1. Step by step: first the residues of the range B:445-501, then only those that are of a type in the set (Val, Ile, Thr) and under 24 Å from the mean Cα position of the chain (by Cα), then the one that is farthest from residue B:412 (Cα to Cα). Which residue is that?
2. What residue, among those in the range B:123-148 that are assigned to a loop (DSSP other than H, G, I, E, B) and in contact (Cβ under 8 Å) with a residue 12 or more places away in the chain, is farthest from the other protein chains (Cβ to nearest Cβ)?
3. Considering only the range A:243-291, state which residues are within 9 Å of chain B (Cβ to nearest Cβ), buried (at least 21 other Cβ atoms within 10 Å of the Cβ) and in contact with a Pro (Cβ under 7 Å, 6 or more places away or on another chain).
4. Are any of the residues in the range B:168-176 under 23 Å from residue B:27 (Cα atoms), touching a helix residue (DSSP H, G or I) at 6+ places or on another chain (Cβ under 6 Å), in a strand (DSSP E or B) and not acidic (Asp, Glu)?
5. For the range A:343-362, which residues satisfy the criterion of being surrounded by 19 or more Cβ atoms within 10 Å (Cβ to Cβ) and either in contact with a Ser or Thr (Cβ under 8 Å, 6 or more places away or on another chain) or not in a strand (DSSP E or B) (or both)?
6. Among the residues in the range A:149-162, are any within 13 Å of another protein chain (Cβ to nearest Cβ), under 27 Å from residue A:44 (Cα atoms) and under 29 Å from the mean Cα position of the chain (by Cα)?
7. Restricting attention to the range B:391-432, report how many residues are away from every other protein chain (no Cβ under 14 Å) and among the small types (Gly, Ala, Ser).
8. So for the range A:366-379 (the condition being outside any strand (DSSP E or B), outside the structural domain of residue A:260 (by TED's automatic domain parsing) and within 24 Å of residue A:63 (Cα to Cα)), does at least one residue qualify?
Number of protein chains: 2
Amino acid sequence: MASKRRTTARRGESAQQMAERQREISVSEFFTKNRHLLGFDNPKKALLTAVKEAVDNALDACEEAGIAPDVEVTLKAVKGTDDRFTVTVRDNGPGIVARQVPHVFGRLLYGSKFHRLRQSRGQQGIGISAAGMYGQLTTGKPIRVWTRTSRRKPPDYFELRIDTKRNRPEVLHHKQHEEFDVAHGTQLEITLEGRYQRGRQSVDDFLLQCAVANPHLRLVYDPPDAATEEQKIVYERATTELPIEAKEIAPHPYGVELGMLLEMMKASAAQRVSSFLQAEFSRVSKRVADEICRLAEVDPKAKLRSVKAAELERLHRALSKVKVMAPPTDCLSPIGEELILDGLQKEVEADFYAAKTRAPTVYRGNPFQIEVGVAYGGESMGAEDPVRLMRFANRVPLLYQQSACAVFKAAVGTDWRKYQLTQPRGALPLGPMIVFIHVASAWVPFTSESKEAIAHYPEIIKEIKLALQECGREMSHHISRKKRQAVEAKKRSYIDSFIPHIGDALRDILALSEKDREKAVSNLRDVLEKSRKM
Amino acid sequence: MASKRRTTARRGESAQQMAERQREISVSEFFTKNRHLLGFDNPKKALLTAVKEAVDNALDACEEAGIAPDVEVTLKAVKGTDDRFTVTVRDNGPGIVARQVPHVFGRLLYGSKFHRLRQSRGQQGIGISAAGMYGQLTTGKPIRVWTRTSRRKPPDYFELRIDTKRNRPEVLHHKQHEEFDVAHGTQLEITLEGRYQRGRQSVDDFLLQCAVANPHLRLVYDPPDAATEEQKIVYERATTELPIEAKEIAPHPYGVELGMLLEMMKASAAQRVSSFLQAEFSRVSKRVADEICRLAEVDPKAKLRSVKAAELERLHRALSKVKVMAPPTDCLSPIGEELILDGLQKEVEADFYAAKTRAPTVYRGNPFQIEVGVAYGGESMGAEDPVRLMRFANRVPLLYQQSACAVFKAAVGTDWRKYQLTQPRGALPLGPMIVFIHVASAWVPFTSESKEAIAHYPEIIKEIKLALQECGREMSHHISRKKRQAVEAKKRSYIDSFIPHIGDALRDILALSEKDREKAVSNLRDVLEKSRKM
């Protein structure tokens, strides 16, 4: 079998021989081999991940363009198979200009969201091309894209594949005037190996949760088993108002590493140190810039290009020492308590609801904001089961890796016994409850490229706990009230059942008339009710 | 503050405006922003990760060259600071040819190990450059490299940085004849922000475990607080024999996706389908190749370049259906039971040791092999604490993300009560025990680029469980024997304490002589001892 061995790798190799084998690894090759890092571990999850990436992109595009999103997700098994699916996602967004289409869908690490600080669903420039790449890997089928930017322009149609060796798109087919009957929008089609299953962690579950966290979304879902128009699932929008616009912000002085400061100085158009600081950082006024320079012993008027290594270091240290306001938080776009309540009430049947949107705060210079909603009680939830967490990051439902997530850690680390729930040690509390938790941030620190869990930043965990506690206290009042009412009801039922017997006894003993007996019973009831209420 | 906003991101944007912001993200930029994915989450872990990447590379290089590794790790705080460290790792490996040095250390996704199938510590071409990049980001200091490939050639010295915008090395300084007094080898120096702390998950812990899993390694460690030569920690090698050489193998038919098959066909020098299959896959003889073609209804003599999409699909399906031997497993290099026992006995004081090397097997076409060692009992370990896991992947200790690891899942999923340990539900068993688990594979499926945990492949979990059970049974015999001995000792002590009193009583009652009393006592003791043993 010697012919099957790469003859280059042999013990006793010299540095020269080893050098022959050194070569570049393209990012597409890397993620093809490591596709589990992107959420394509297995066919079930792959199907979900593809839908998720496409829906995320559709929603981001609509919101940026100021359009109330209208999204249609179609999931159909490829004829004659049950392990291949075609995922089609169509939106009414602004469309994509033709020259960008191959890059957006046919290249990893390409996009508009990575280099800016502001809340959006996508942030890496990987997801959707990875979904296409997975489709190509498992079925050989190209990605198909229809897009139109305006009614005055013809739609474009593309068939694309990724050249994984170079991480570059290959356009297999491109034509205009393709049938695509919308004024503007994009439709994407990926065929991939997948497994369709309802229930937890399913596409169905994801889309339902999407609707809850995005009340401005109208979503039509045509699942694999729907045969008629009526069997499509429609989530109507709860509001036509778009979320608050998330604004792009500059980096905050507290979150900047030395190397990043250097890059920013290189890239800046500013001439002097002070003007550079004011132009490139948020919350740095002239006064703050001068204070930074004073702490760093650097002349504020020094030429930016002539700053020496030692001065750079001192500037870096000064950045973290200077007193400066927290970063602006209009880069965030929370859902809001009212809409969280609406969403929960629409989708979950319960006795009690509460929601809390915390004020924005900061981790490592990045603004973030926590929102929590709870739905408690009711027939539909098991009283003895662990409560169900619904986790969201920038309005995107997170369905996998719950136990690795900061949200889970915060929920487990909260003392729910204070709020009248049973809680096994180191576990989620038990009870008929759903907890909705939204982490909104200009940069969500995910534990992997598949964006399934949020890293354990103490600031984030602390804020989640505080929000849970606020909701917990309200819920606790509700549970107490319910308990009191139950006790009341029981006492009342005692009175109701025993008084008539006492009445009968009195009538017999005192030989009362029927009327007197009724009067006695009624008097007794009044007396007892009064004494019970005291 | 409008001046600080990127004016390009505004609600109501058109597709044209959005297109302006689409751009490439370099892989270095990506991992700078997501450095927690590479193990640089915080200063303590960053220090460990840098040491780990450098040591992994040193060991891989030595083994490939057939050299018994001699590695020296020096960790020193930068003068006047306690949050900056210089990590120096020197090996006696084959050295690196000068033209490759900048790429190996100054570029992410570059290396010799990604494109081959065989057990090695490195596999991504990311680690060491990422460590340098983190150093540069946090301290601005370049990576320094000394290397020499032979005594006949002068050493090379480099100072490098990574241009993160382009993911390419920048050589700041390069000269020959630099002082580096070894015949061959490499020395690497990285200065980075770090935190030094002993104990679990420390550099010290990592290096000790390295020595256990690599008995052919001589390691000298000069920790931050060592002031004299004597305070260096030296791990001598337990064997001068190098591990079995891991051979490179071709992919196995069972692990190949459609897209990968297509790439392989494109890259192959073979002319015909049958010869392609034989040349590019392991375990595919002419007979097997022809069987694949028969199943796929493709002519074995068909020209490779003329294979159509439908034929490709059929070939792909046939690849997973044909009967074929498991892949060759000489791509693996296990430690071996004897050396595992040696290592444990050297580093852990215990009453009982066992080790098991399972036969190699396969997940998704990739060969892997499980080895387990246990050390049980003794004063040094807490009897009420959870047992300690020592996890290894291709001989590299894994110190973080234990609960996300397949090894942990297998250990928790084993029923240890069968082996006489207490085990809380869903948790590790309690007891004075260390469990050593080694996963060796041509491709270890890590859950993230930081290579801290192994993904939950059922085949891997199953093999680990089987190995744990084998060791568990041996350990259980030991525990039973110990328990029996303890009971024996107790019973014997009863007999010893009571019989003389009975003798006294008999003497008094029956008026025995002292001699008779002694005889009676001795007879009684014999009878009791005998009955006790029956």
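The values are calculated or read from the model by the stated rules, or taken from the named source; none is laboratory data. Predicted model only: the values in this text are computed from it and were never measured. Quick reminder, even Gly has a Cβ in these numbers, built from the backbone with ideal geometry, and neighbours come from all protein chains shown.
1. Among those that are of a type in the set (Val, Ile, Thr) and under 24 Å from the mean Cα position of the chain (by Cα), it is B:447.
2. If we take residues in the range B:123-148 being assigned to a loop (DSSP other than H, G, I, E, B) and in contact (Cβ under 8 Å) with a residue 12 or more places away in the chain, then B:142 is farthest from the other protein chains (Cβ to nearest Cβ).
3. A:249, A:281, A:282, A:284
4. yes
5. Answer for the range A:343-362, where residues must be surrounded by 19 or more Cβ atoms within 10 Å (Cβ to Cβ) and either in contact with a Ser or Thr (Cβ under 8 Å, 6 or more places away or on another chain) or not in a strand (DSSP E or B) (or both): A:343, A:344, A:348, A:360.
6. yes
7. 5
8. No: the range A:366-379 contains no residue that is outside any strand (DSSP E or B), outside the structural domain of residue A:260 (by TED's automatic domain parsing) and within 24 Å of residue A:63 (Cα to Cα).
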